[in-house]
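Working notes for the structure below.
The values are calculated or read from the model by the stated rules, or taken from the named source; none is laboratory data. Just so it is clear, the model here is predicted, and its values are computed rather than measured. Methodologically, a virtual Cβ is constructed for each residue, glycine included, from the backbone with ideal geometry; neighbour enumeration extends over all protein chains shown. Heavy atoms of the whole protein, side chains included, go into the accessibility calculation; ligands, DNA and RNA do not. Shrake-Rupley method; radii C 1.70, N 1.55, O 1.52, S 1.80 Å.
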Amino acid sequence: MLTQFKTGHLKPKNILDLSVTLSTDQTPTTYNQASKSPIWRKAMSNELAALLKQQTWTLVQPPPDAPVLGCRWTYKTKLNSAGQPLTHKARLVAQGFSQEHGINYTETFSPVAKITTIRLLLVLALQRQ
């Protein structure tokens, strides 16, 4: 039986070179890193504009007896199929892990419509015309 070893048709070994530095267009991990780049400042500006357009929040005075939740930026470089940077996304997220029941929130609600709920509403609507 002929094998690749016997015929001399061996695949070359791919040896990873760990000394290669990454590209200078790295995704930042902190606000200080991102604020130094015009690309990431534009991405953060676009995110804030979208949040204001969607009226995500209303500005109110913080309660005197409850701590205020913080927020932070997360960054992601979207790549095309060739591995080149396509877009830069920045998201402002609340630090919900610091919430405490009865102090920062009293209830949670997620407006998710399940198909069984929709079917029930349709049946009720048909029965009551």
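Remarks
- Scope region 65-90; condition of a type in the set (D, E, K, R) and within 11 Å of W40 (Cα to Cα); matching residues: K76, K89
- Selection of helices (runs of 4 or more DSSP H) fully inside region 31-129 by the criterion of at least 2 residues being of a type in the set (S, T, Y) and within 23 Å of the chain's Cα centre (by Cα) returns 31-35.
- Meets criteria (in contact (Cβ under 8 Å) with a residue 12 or more places away in the chain and either within 30 Å of S35 (Cβ to Cβ) or surrounded by 10 or more Cβ atoms within 10 Å (Cβ to Cβ) (or both)) for L122: no
- Members of region 20-70 found to be open to solvent by 60 Å² or more (accessible area, probe 1.4 Å), among the charged types (D, E, K, R) and modelled with pLDDT of 85 or more, listed by number: K36, R41, K42, K53
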